[in-house]
Amino acid sequence: MKSRAIEKQALELPIDERAKLAQRLLESLDNLSEDEANRLWLSEAARRAREIDGGKVRLVKSEELERRVQARLK
């Protein structure tokens with residue numbers, strides 16, 4: 001079964017069943033092998049690199065990030 005079909009069916013579940021399913025899915029991520037975790041991190045790094053190269057995101061210096069975070073916390 002394709003993930004979109006599973007997602008569609010899952011979203012039709014009652015809220016308590018969706019919550020249980022979401023919890024089980026999140027817990028399953030804690031049990032990844034080292035190879036699986038590395039593969040996922042490499043995939044995420046590649047996705048982020050494509051966003052940077054494609055101009056979809058704007059990089060900011062760490063000082064600017066710190067300023068933004070502090071402004072939101074006030």
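Could you tell me the calculated FRET efficiency between Glu51 and Leu25, based on Cβ-Cβ distance and R0 = 25 angstrom, to the nearest 0.05? Walk me through the intermediate numbers first.
On the way: r = 25 Å, r/R0 = 1.00.
After rounding, the FRET efficiency stands at 0.50.
By the scheme Lys and Arg +1, Asp and Glu -1, what is the net charge of all other residues having a beta-carbon under 9 Å from that of Ala10? Numbers along the way, then the final one.
Values: positive: Lys8, Arg18; negative: Glu7, Glu12, Glu17.
Local charge sum for Ala10: -1.
Report the gain in length on full extension from Val60 to Leu73: 0.36 nm times residue separation, minus Cα-Cα distance, nm rounded to one decimal. Intermediate results must be reported in sequence, preceding the final value.
Values: separation 13, 0.36 × 13 = 4.68 nm, distance 1.86 nm.
Full extension of this stretch gives 2.8 nm more.
Quick one: what are the phi-derived ³J(HN,Hα) couplings along region 55-64, Karplus 6.51/-1.76/1.60 with θ = phi - 60°, whole Hz, x for glycine and proline?
With coefficients 6.51, -1.76 and 1.60, one gets x, 6, 10, 10, 6, 10, 6, 4, 5, 5 Hz.
Is there a quick way to get the dipole size of region 33-74? I mean about its Cα centre, with the Cβ of Lys and Arg at +1 and of Asp and Glu at -1; what is the value in debye to the nearest 20? Before the final figure, lay out the partial values.
Values: 11 positive and 9 negative charges, 91 e Å.
Using only the charged Cβ atoms, the result is roughly 440 debye.
Among (1) 1.13; (2) 0.93; (3) 1.15, which is the computed Rg/Rh (Cα atoms, Kirkwood Rh)?
(1)
Using a cut-off of 14 Å between beta-carbons, work out the net charge of the residues near Glu51 (Lys and Arg +1, Asp and Glu -1, Glu51 not included).
Charge balance near Glu51 sits at +3.
Which order do the peptides 51-59, 18-26 take when ranked by the mean count of other beta-carbon atoms within 10 Å per residue, highest first? Could the numbers behind the result be given before it?
Working: 51-59: 8.9, 18-26: 10.9.
So the order, starting with the most tightly packed, is 18-26, 51-59.
Relative to the Cα centre, what is the charge dipole magnitude of the chain, using +1 at the beta carbon of each Lys and Arg, -1 at the beta carbon of each Asp and Glu, and rounding to the nearest 20 debye? Working shown, then result.
On the way: 17 positive and 15 negative charges, 107 e Å.
Around 520 debye, computed over the chain.
Using DSSP to call loops (not H, G, I, E or B), can you name the GluC sites (Glu not before Pro) in region 1-33 whose Cβ has at most 11 other Cβ atoms within 10 angstrom? Before the final figure, lay out each step's value.
Details: sites: Glu7, Glu12, Glu17, Glu27; in loops: Glu12.
Counting only loop positions with at most 11 other Cβ atoms within 10 Å, the GluC sites (Glu not before Pro) in region 1-33 are Glu12.
Where a number appears in this text, it was derived from the coordinates with a stated rule and is not lab data. It should be emphasised that the depicted structure is a prediction, and the values quoted were computed from it without experimental measurement. Cβ atoms come from the backbone with ideal geometry, glycine included; neighbour counts cover every protein chain shown.
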